[in-house]
1. Of the conditions (1) among the β-branched types (Val, Ile, Thr); (2) in a loop (DSSP other than H, G, I, E, B); (3) within 16 Å of the ligand (Cβ to nearest atom), Val186 fails just one. Which one is it?
2. Hey, Thr327 hits all of (1) within 13 Å of the ligand (Cβ to nearest atom); (2) touching a residue at least 40 places away in the same chain (Cβ under 8 Å) but one; which does it fall short on?
3. What single numbered condition from (1) under 30 Å from Glu138 (Cα atoms); (2) within 11 Å of the ligand (Cβ to nearest atom); (3) under 19 Å from the mean Cα position of the chain (by Cα) fails to hold for Glu380?
4. Counting just the residues of region 225-245 that are in contact (Cβ under 8 Å) with a residue 24 or more places away in the chain and surrounded by fewer than 24 Cβ atoms within 10 Å (Cβ to Cβ), which one comes out farthest from the ligand (Cβ to nearest atom)?
5. Which condition number in (1) over 26 Å from the mean Cα position of the chain (by Cα); (2) polar (S, T, N, Q); (3) under 24 Å from Val206 (Cβ atoms) is the one that Thr288 fails?
6. Go through region 158-186 and report how many residues are under 23 Å from the mean Cα position of the chain (by Cα) and not hydrophobic (A, V, I, L, M, F, W, C).
7. Looking at region 121-169 only, could you name the residues that are among the polar types (S, T, N, Q) and modelled with pLDDT of 90 or more?
8. List pairs: first residue in region 376-387 and in a loop (DSSP other than H, G, I, E, B), second residue within 9 Å of the ligand (Cβ to nearest atom) and among the small types (Gly, Ala, Ser) anywhere in the structure, Cβ distance under 7 angstrom, at least six positions apart or on different chains.
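The values are calculated or read from the model by the stated rules, or taken from the named source; none is laboratory data. Just so we're clear, the structure is a prediction, and the values are computed from it rather than from any experiment. Backbone-built Cβ (ideal geometry, glycine too); neighbour counts: all protein chains shown.
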Amino acid sequence: MTIAAIAVALVIVAAIAVVLARKGRAALQGPTSKAPSALGPSPARPAVAPAPSPPSGPRAAPAGTATAGAPESLAPSAGVADHPAQVAPAKSVAPSPRDITTLRKGLAATRGGFVAKLAAVFQQKRELDPATLQQLEEIMLAGDVGPKTTQTILARLGESLGRTELRDPDAIGAALRAEARRILGVAGGGGIRLTGKPTVVLMVGVNGVGKTTTIGKLATRYGADHKKVVLAAGDTFRAAAVQQLEVWGKRVSAEVVKGKEGADPGAVAFDATSRAKEAGADLLFVDTAGRLHTKAPLMDEIKKVRKTIAKALEGAPHETLLVLDATTGQNGLQQATMFRDALDLTGVVLTKLDGTAKGGVVLAICDELRIPVRYIGLGERAEDLREFHADEFVEALFGQADGPIASAS
Ligand code: GDP
């Protein structure tokens with residue numbers, strides 16, 4: 001073989017090696033650079049798999065800048081590893097596990113009380129015989145589930161379980177959770193929907209249940225979401241209530257509309273609605289006096305407030321939320337009945353669930369009144385208000401603290 005032939009052979013081998021190397025690299029990068037991301041096709045996507053960078057982002061690197069063979073998460077792809085802003089969207093689109101731990105912590109008292117007692121019955125591995133049924137009934141009544149709802153749950157348990165399942169504590173537990181989920185899943189639950197501009201939210205409830213605090217928490221949440229919020233100090237009877245609202249207003253930079261002490265709450269609500277409209281606010285929260293639900297004139301007054309708001313803005317208030325203190329148990333249920341009969345309630349905010357071992361009252365509210373729970377309060381801080389969702393609530397209440405998030409069905 002001549003030197004020329006050897007040189008030609010070497011060139012051919014080198015060319016083949018280059019082609020093979022390119023193919024190999026394409027195979028490594030292919031799936032990440034071609035697969036459409038959750039946000040749509042990303043032609044200029046770098047090789048860090050979970051980070052969908054904007055297609056025309058200034059730092060988007062051309063495909064193929066990753067180091068072939070390096071583990072993908074460590075590959076120094078330009079424009080990703082050194083630019084956290086581009087990594088951030090991946091977090092928001094990735095299916096994040098529900099923050100059930102915080103909810104579980106907030107419900108610790110009820111988990112340790114009413115729920116722990118129920119669990120103890122099942123741990124005895126007993127069948128659903130009359131004695132067990134009676135035990136369950138007593139626990140549920142003590143946990144503020146209420147007589148009517150307790151009967152409904154127990155009757156349905158018996159109906160839904162087959163003969164063999166009646167002897168299976170796991171099956172009974174699962175049926176109980178499914179029943180709780182059915183009861184709590186009243187249509188219309190979850191957070192406020194912004195259906196108006198402004199969306200007017202009227203807060204009602206007796207004294208001390210947490211109306212003003214809940215308004216402050218909601219204002220904080222929507223303020224952080226860049227919504228323009230106005231607050232109406234409709235509790236004109238107590239100077240302290242107005243001051244409390246002003247403190248929240250200052251904290252979240254929300255305008256507070258107030259009247260003179262003892263002013264007509266309807267007039268304050270009217271002014272606040274007009275002001276919120278004029279200011280282009282997204283939300284107006286109207287605080288009201290904690291009137292005694294048993295005193296008809298006071299109930300009439302709140303109906304008047306409602307009508308006045310409607311005069312200032314057609315279709316308002318969009319939400320009338322009854323705030324109930326979970327620690328008041330069955331008394332809270334009575335309050336709810338009176339308020340529901342007097343006003344068109346769109347939901348309940350159940351506060352102070354962190355302070356009761358009898359959180360079963362939430363089942364009674366949903367079952368007997370068919371009013372959806374919209375938020376729950378798990379403490380005094382702004383972040384302690386949580387949108388209510390039946391599935392996660394049941395899971396946090398009945399699920400195992402250290403186990404995986406099991407299906408509630
Ligand atoms: P209002 O009279 O209905 O306006 O009630 P407030 O908003 O003044 O609240 C009465 C008290 O309940 C205050 O001390 C609040 O901090 C407290 N509070 C409100 N919500 C919660 C909650 O979810 N958990 C706990 N532990 N305390 C709460």
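1. (3)
2. (2)
3. Here Glu380 clears every test but (1).
4. Lys228
5. So the condition that Thr288 fails would be (1).
6. Qualifying residue count for the region: 5.
7. Across region 121-169, the qualifying residues are Gln134, Gln135, Thr149, Thr150, Gln151, Thr152.
8. What qualifies is Leu378/Gly106; Gly379/Gly106.
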